[in-house]
Amino acid sequence: MSPRRLVTSELLRFYRPVVLWFLAVMILCVGIGMTAVSLATDPTFSLWVMVFGTASRCWLVAVGAVLISLHLRQFVTNGITRRAFMAGSALFGLLAVVLFALAVPLGHGVEQALLGIGGPLPPGYPTVSAGTAAAEFGHVLPSSLAFLVSGAALSAGFYRFGAAGGLALIIPSVLPIGVAEALLGADGRGHFDTGPVPYAVAVLMSLAVTALAALLFHRATRHVAIRPAPG
């Protein structure tokens, strides 16, 4: 197995139980929450899109940060080159982004099916179809990528340059999050087609800013000294 594939495989093995627990908790929380809302009133929003969509992107920020603060040292001190680690962790990150982007429309569909068991869907509920599912995936995918890259760039800035340098890089590091939220985020009901600019323009702008943060991440980690483990 090549070093790059080894990194991806080990990260997948490490995070698989974490992701399963995360999904289980999200399903339980949203299931209880949507049941309570349905008993009290007719829901006019998708709790899965709102709660899971937000929580999954926050999770990706944390994973992006941990890739540098924890895993970089682990792999490099065990003989993996920085280049192989970056390539392997990038593939792992892309797989995680795609997984969570797929989970948003799939979970929305399950939520809708469960709501429909007791009768017609509430008039204001944002129903999901093949078209809306594709739109949800298309909005969440670049947005999730922005969150992952921002977490990695933010962590790399502090790891490489310390507190002062890291603080100076906060704004360029988190800019992809701000752009993605402004252009590709859902509204208060779970709709993704309410952005201020056309979808294609929003995606291009988000990907461009994310690419700049990825470049910052690469520059910060290319020759960074590997710190010894604490203790």
In Å², rounded to a whole number, the accessible area per residue of the chain with probe 1.4 Å is 50
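Quick one: length gained pulling THR77 to LEU28 fully straight, 0.36 nm per residue minus the C-alpha distance?
Here the answer is 13.7 nm.
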Please give the calculated 222 nm ellipticity per residue for the chain, where each DSSP H segment of at least 4 residues contributes -39500 (n - 2.57) and the sum is spread over every residue; nearest 500 deg cm²/dmol? -25500 deg cm²/dmol
How much of the accessible area of region 3-222, probe 1.4 Å, is carbon plus sulfur, in whole percent? 73
Estimate the FRET efficiency between SER38 and ALA133 by the formula 1/(1 + (r/R0)^6), using the beta-carbon distance for r and 30 Å for R0, to the nearest 0.05. 0.90
I need the helices of the chain that pass two filters: whole DSSP H segments spanning 30 Å or more by Cα along the axis, and mean Kyte-Doolittle score no lower than -1.0. 3-40, 82-115, 130-168, 199-221
Mean Cβ-within-10 Å packing, highest first, puts peptides 152-162, 167-177, 138-148 in the order 138-148, 152-162, 167-177
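The values are calculated or read from the model by the stated rules, or taken from the named source; none is laboratory data. Since the model is a prediction, treat every value here as computed from it, not as a measurement. With ideal geometry, Cβ positions are generated from the backbone for all residues, glycine too; neighbour counts draw on all protein chains shown. Keep in mind that these areas ignore ligands, DNA and RNA; they rest on the heavy atoms of the full protein, side chains included. Shrake-Rupley method; radii C 1.70, N 1.55, O 1.52, S 1.80 Å.
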